[in-house]
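Notes for the one structure printed next.
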Amino acid sequence: MDIRPILSTLHRHKITACLLILQIALTCAIVCNGVFLINQRLQRMDIPSGIADHELSQIKFAYIGDRPDAYAQAQTDLATLRQIAGVQAAALVNQLPLSGYSMSNSGIKLRPQQQRTSLEVASYYGQNLLATLGVRLISGRDFQPDELVDLKTALPALHSDDMKNLPHTVIIDQAVAVRLWPGQNALGKAIYFGNDIPMQVVGVSSPLARPDSLQMGAQNSIVFPIRLTATEGGSYVIRTTTGDREQVLKSALAALKRLDPNRIVLERRTYDELRHEYFQDDRAMAGMLVGVIAALLIVTALGIAGLASFWVGQRRRAIGVRRALGATRGNILHYFQTENFLLATIGIALGMVLAYGINLLLMLHYELPRLPVIYFPVGAIALWLIGQLAVLGPALRAAAVPPVVAMRSV
Amino acid sequence: MFGYYFDLALRSLRRNKALTALMVLAIALGIGASMTTLTVLHVLSGDPLPGRSSTLYAPQLDPRDMGDYQPHGEPPDRVTWIDGMNLLQAKRADRQALMTGGSVAIQPAQSALDPFYETARYTTADFFPMFGVPFQYGHAWGTPEDAASAAVVVISGKLNDKLFGGRDSSGRMLRVEGRALRIIGVLGDWRPNPHFYDLNLKSYGGDEGVYLPLSTSQDLHLAHLGGADCWGNGGDGATPAHTAPCVWMQFWVQLDTPTQATAYRQFLIHYSQEQKSLGRFQRPPNVRLRNLMQWLDYEQVVPGDVRLQTWLALGFLLVCLVNTVGLMLAKFLRRSAELGVRRALGASRRALFMQLLMESGVVGLAGGLGGLLLAYLGLWLVRRQPADYAPLAHLDGAMLVMTLVLAVVASLLAGVLPAWRACHITPALQLKSN
C-alpha cells in the first residue's frame, strides 16, 4: 500500500498526529519500565530459601521474668517436640531465612589485622539447625555435640576476648565459599571475626538465604556451633510432612504450653506463611504496577479510538469520493490501519529512547539494573496491538461509508 | 459572561457525549492515581511535630574502631550507652533525652485478660516536655525519678482504654515483667508519624504503650528492642552490655536558636577529641547535628516504593493529559464552523478563547470530582495493604482542595493549545466552505 497519501494527510493534521505519537511514546516508555519492575519483584519473590519450605513451622515465645533453668527447659522442650506424632525433627534457631527479622550478622575477615571485612554474612546458630531445616552438607561435616557452646557463655567470652569459651568451628554455605575462595576447597580454611577471633571451616552447606537485607548477597550465610534458648530470642522449628503441618503445629503448641504455661506465644506459623508475609510489600507493589499499566493501556486505546473516529467523521466526504472512484472497503480499512501503524511505529521508536532514559534515572535513584533489551520488543508489540485494536472500530465504520456520500453536499 | 460561557460549555459537552466522557474519564483516572500516591507521600513525609521540629536535633558521634574506616563516612545514627550518658550529663542543650525502645510483658490485674506484650520506651525525663507530649491524666516523671530509678510508668491512652476502660488510672499499679510499677500519667493523643525518635523500630504507626525511666528499665533488666550495631567484639546480644562497643541508644536535644546549635556542634567535636585523647575513640572527630526534618530526610524514612509509585502516577497523569489535549483539539476543530460564525458576528479571539477554556475547565472539574472518588477508592486500597504506613493513608482537607485545583489547572493547561488553535481559524474560510 502506498503510504504517501497517508503522510500528506497527516502533514495537514500535524499537531494532532504529534500528540498521538507523544502519547504512544510515553505509554510505551512507562509500560516497558513498568513490566521490567514487575518482573524484578516477581524474581525477588522467587528466591529459594534453601530450606524445606513446605515442611517447616515456627513457634516463638516470650517469657515473663528470669528463667535460670532455660537451657534445661530447652532440652526438655525439644525432647517433647520430637515425641509428638508427625514431628520428624525439632530445632531451636536464632533466625529463619526470609523472615525479615535479622537477629545476627557478622563481618568475615580472611586474615588477622585486616582493615576491611571481606564479606558481611547472616549468622545462624541453634540446636540441630541444619538437619531440621533441611540444609544439605555439600562437603565436610556437621558440628559434633562437644563443639556446641551455650550463647550465655559465648557472649561474655566474646566481650572479654576469652577465646577458650568461644566456638572454634564454623559451617559456611556454598555462596560464601565461592565468594571467599573461588575455585578452591574451603574446608580447613580459617576465617576471622571481630577482633581477630579465628574459626575453622569444617563444612560447606547448600545455599541458605538470609533473613533480611537480601541486597547484601541473598545467600551469604554461615552457621556457628552455638546453642540458645527460647528466652534468648530463639524460635522452635518443627519439621513434618506438608499435609499434617497445621495439625502437628497445633499439638506441638499445646504440648509446649503444657510444659510451661507461663509463656506468651509471639509467633505460631508455617514457614510458607512466614515467607508470604516477607514478600507482601513486593506483591502489593507488583499488583499496583499491573493496575497502572492496565489503566494506561486502556486510556491510550480510548484516546486512539476517539481521535480515529473524529478523523473518520471529518473525512467522510473524502472517503465517499474514494469509494466512488473505485476504492474497495478493504482499501479504506487498510488506509486507517496503516495510518495507525505508522503513527504507532514513530511513537514506539520515540518511546524506546524515552524508556531507556527513564531506566537510566531509575538506575540512578533506585538501584535497579539496566533494562534488558527483551523489554523493548515486548513494549512495541503491546502498543502495536493496542493501536490496531483501538483503530479497528472507527476503521470499519469508515469502510462502511457508502460511495453516495460523495454526491451529497454536507 | 461567565454564566453564559458556562452554559455554552455544558451545551457543547452534551452534544458530543462519548468524546466528553472520554476526556472526563482520562482526567479522572490520571487525577485519581496521582492524588492517591501524592496523599500517601504527603502523609509519610509530613512533619511529626509541627512548630517544634526546627529546634529538635539528633547528635551523631563516631565511636567506632578503625576497622572499615573510610574518611568522610557517615557516623552511626545512634550512640553508645557511655556516650549517651556523657552527653546527657553534660547538659549542654536546653533539653536532652537519652532513650531506647523495648518490649515488656504486661500482666493485667483483671483475670479476663491474658498477659500480653507491649512496645515500651525507656527514656530520661526530658522526653515529655521536649517533644510536647500531651497528658490526659497525671503527669510525667522528672529528674528525681530518673536518679532514683523510681518504679513509675506512664502509659498511652490506648493502653489505658484497654486496661482501665479509659478512666483515670494514675496512682494505680501496673504489673510489668512481674514487677509492680505505679502509673503516674496517661498520655493523650500522641502518635507522631513518622516515629522520628526511633526509626530502628517501625517508621510509621509505632507508638509505644508504656514509657518508663531509662534507669528503671536497666535495673529491671528489661529487654531492648531495635537491635544494636556493634564493632570489634561487640557481638550481637539482644540487649548490649553498657560497656559493649555497640550503638543502640537514641539521643535527642532541643536547641532553641541556631547559635546554640553551632555551639552544640562545637561541643560534640570537642567531646570527640577528648574521647580520642582518652583512647576511647579511635577515629578523627566525625560529628553530625541534623534537625528533625533533615534527620528524616537523611534516614530516607519515606519508603522508596512510595516515591516510585508517585513518579509512576505522575507519568500516568501526563499521558492522560496528552490524551485530553488530543481529544480537545479534535473537538474544538470540529466546531470550526460554529466558531467561524461567532467570529464573523463580532466575537473577539479573546472571547472565543475564554469560551473554549471554560469548556476545558468544566471537563477538568468533572474529571476532578471523578478523580476524587477514584482517590478515595485508591486510598481504601492502600489501607488494605500490609505496609505499616497503610492505616495512615487518609485524604485531608488540604489534599481534597488540591485534587480539584490540580484537576482544573491540568485541564486548563490541556485546553490552552487546542483553544488557541481553534480561535485562529480564518472566519471567512469557514463560512465559505459551508
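Nothing in this text is a laboratory measurement; each read-out follows from the coordinates by a stated rule. Nothing here was measured: the structure is a model prediction, and the numbers come from that model. Quick reminder, even Gly has a Cβ in these numbers, built from the backbone with ideal geometry, and neighbours come from all protein chains shown.
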Next on the checklist: Spelling out what I want: for every residue of the range A:121-135, take phi, set θ = phi - 60°, compute 6.51 cos²θ - 1.76 cosθ + 1.60 (Karplus), and round to whole Hz; glycine and proline get x.
Outcome noted: 10, 7, 10, 9, 7, x, 9, 6, 5, 4, 5, 5, 5, x, 8
Next on the checklist: Between B:R334 and B:L369, what's the calculated FRET efficiency when r is the beta-carbon distance and R0 is 25 Å? Round to 0.05.
Outcome noted: 0.45
Item to check | Cross-link partners of B:K162 among aspartates and glutamates (Cα-Cα below 13 Å; sequence separation of 8 or more within a chain) | outcome: B:D114, B:E118
Next on the checklist: Between 0 and 90 degrees, rounded to the nearest ten: what's the tilt of helix A:329-366 against the longest Cα principal axis of chain A?
Outcome noted: 30 degrees
Checklist entry - Using the count of nearby Cβ atoms within 10 Å as a rough guide to exposure, how do B:D62, A:D260, A:D69 rank from fewest to most? => result A:D69, A:D260, B:D62
Checklist entry - For the protein assembly as shown, rounded, prolate or oblate, judged on the Cα gyration tensor with a ≥ b ≥ c (square roots of eigenvalues), a/c < 1.5 rounded, else prolate if a/b > b/c? => result prolate
Next on the checklist: Counting only helical runs of four or more DSSP H residues, what would the 222 nm mean residue ellipticity of chain B come to if each run contributes -39,500 (n - 2.57) and the total is spread over all its residues?
Outcome noted: -16000 deg cm²/dmol
Checklist entry - Under 15 Å from a point 7 Å along the Cα-to-Cβ line of A:R283: which residues of the range A:15-44 have their amide N that close? => result A:41-44
Next on the checklist: Can you show me the helix-derived [θ] at 222 nm for chain A, built from DSSP H runs with n ≥ 4 at -39,500 (n - 2.57) apiece and divided by the number of residues, rounded to the nearest 500.
Outcome noted: -17000 deg cm²/dmol
Checklist entry - Put +1 on the Cβ of each Lys and Arg and -1 on the Cβ of each Asp and Glu in the protein assembly as shown; which of A:P182, B:V362, A:F376 then has its Cα farthest toward the positive end of the dipole? => result B:V362
Item to check | Average other protein chain Cβ within 10 Å of Cβ, residues A:24-33 | outcome: 3
Checklist entry - So for the range A:19-134, what are the equivalent ellipsoid semi-axes in whole Å, largest first, each being the square root of 5 times an eigenvalue of the Cα gyration tensor? => result 44, 23, 14
Item to check | Residues B:H221, A:H168, sorted so that the one with the fewest Cβ neighbours within 10 Å comes first | outcome: B:H221, A:H168
Checklist entry - Say the dipole of the protein assembly as shown comes from +1 at the beta carbon of Lys and Arg and -1 at that of Asp and Glu; which of B:L329, B:G227, B:V104 then lies farthest toward its positive end? => result B:L329
Item to check | Estimated FRET transfer efficiency when R0 is 51 angstrom, pair A:L325-A:M363 (beta carbons, to 0.05) | outcome: 0.40
Next on the checklist: Please state the shape class of the range A:64-113: rounded when a/c is under 1.5, otherwise prolate if a/b exceeds b/c and oblate if not, all from the C-alpha gyration tensor.
Outcome noted: prolate
Item to check | Spatial separation of Cα centroids for the range A:35-72 and the range A:98-127, in angstrom | outcome: 18 Å
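Between A:Q115 and B:A109, what FRET efficiency comes out of the Förster formula 1/(1 + (r/R0)^6) with R0 = 56 Å and r the beta carbon distance, rounded to 0.05?
0.50
With an 8 Å cut-off on Cα pairs and a minimum separation of 6 or more residues, tell me the relative contact order of chain B in percent.
29 percent
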Item to check | A:I3 versus B:K91: modelled label distance in nm, points set 7 Å from Cα along the beta carbon direction | outcome: 8.3 nm
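Taking the Cα centre as origin and putting +1 on Lys and Arg beta-carbons and -1 on Asp and Glu beta-carbons, what dipole magnitude results for the range B:65-116, to the nearest 20 debye? Provide the component values of the computation, followed by the final result.
On the way: 4 positive and 7 negative charges, 70 e Å.
Computed about the Cα centre, the dipole is about 340 debye.
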Checklist entry - If you take the C-alpha gyration tensor of the range B:189-348, multiply each eigenvalue by 5 and take the square root, what semi-axes do you get, largest first, in whole Å? => result 59, 21, 17
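Tell me, A:Y236, A:Y101, A:Y375 in order of fewest to most beta-carbon neighbours within 10 Å?
Fewest-to-most Cβ neighbours within 10 Å comes out as A:Y101, A:Y375, A:Y236.
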Next on the checklist: Within 10 Å of each Cβ in B:166-174, how many Cβ atoms from other chains are there, averaged over the peptide?
Outcome noted: 0
Checklist entry - For the pair B:S45 and B:W380, how long in nm is the line joining their label points, each one 7 Å along Cα→Cβ? => result 2.8 nm
Checklist entry - If one computes the Cα centroid of the range A:261-306 and of the range B:279-301, what distance in Å separates the two points? => result 35 Å
Checklist outcome for this item: Taking a ≥ b ≥ c as the square roots of the Cα gyration tensor eigenvalues, with a/c under 1.5 meaning rounded and otherwise prolate when a/b beats b/c or oblate if not, chain A comes out prolate
Item to check | Reachable lysines from A:K60, criterion Cα separation under 23 angstrom, eight or more residues apart if same chain | outcome: A:K152, A:K250, A:K257, B:K202
Checklist entry - Put +1 on the Cβ of each Lys and Arg and -1 on the Cβ of each Asp and Glu in the range A:195-316; which of A:L266, A:V312, A:V237 then has its Cα farthest toward the positive end of the dipole? => result A:V312
Checklist entry - Could you give the dipole magnitude of the protein assembly as shown about its Cα centre, charging the beta-carbon of Lys and Arg +1 and that of Asp and Glu -1, in debye to the nearest 20? => result 5040 debye
Checklist entry - Extension gain B:R11-B:Q300, at 0.36 nm per residue separation less the Cα-Cα distance, in nm? => result 99.0 nm
Checklist entry - What nm value, rounded to one decimal, do you get for the distance between A:M216 and A:V404 when each label is placed 7 Å out toward the C-beta? => result 8.1 nm
Item to check | Set of lysines with alpha-carbon distance to A:K14 below 17 Å, sequence-local pairs under 8 removed | outcome: B:K331
Item to check | Rg/Rg_ref, the range A:141-215, where Rg_ref = 2.2 N^0.38 Å and atoms are Cα | outcome: 1.20
Checklist outcome for this item: If the chain between A:N262 and A:N195 were fully extended at 0.36 nm per residue, the gain over the current Cα-Cα distance would be 20.2 nm
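Averaging sequence separations of C-alpha pairs under 8 Å and six or more residues apart, then dividing by the length of chain A, give the relative contact order as a whole percent.
The normalised contact order for chain A reaches 28 percent.
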Item to check | Value of relative contact order over the range B:202-354, rounded to a whole percent, pairs C-alpha under 8 Å and six or more apart | outcome: 10 percent
Checklist entry - Peptide B:326-332: average number of partner chain Cβ atoms within 10 Å per residue? => result 6
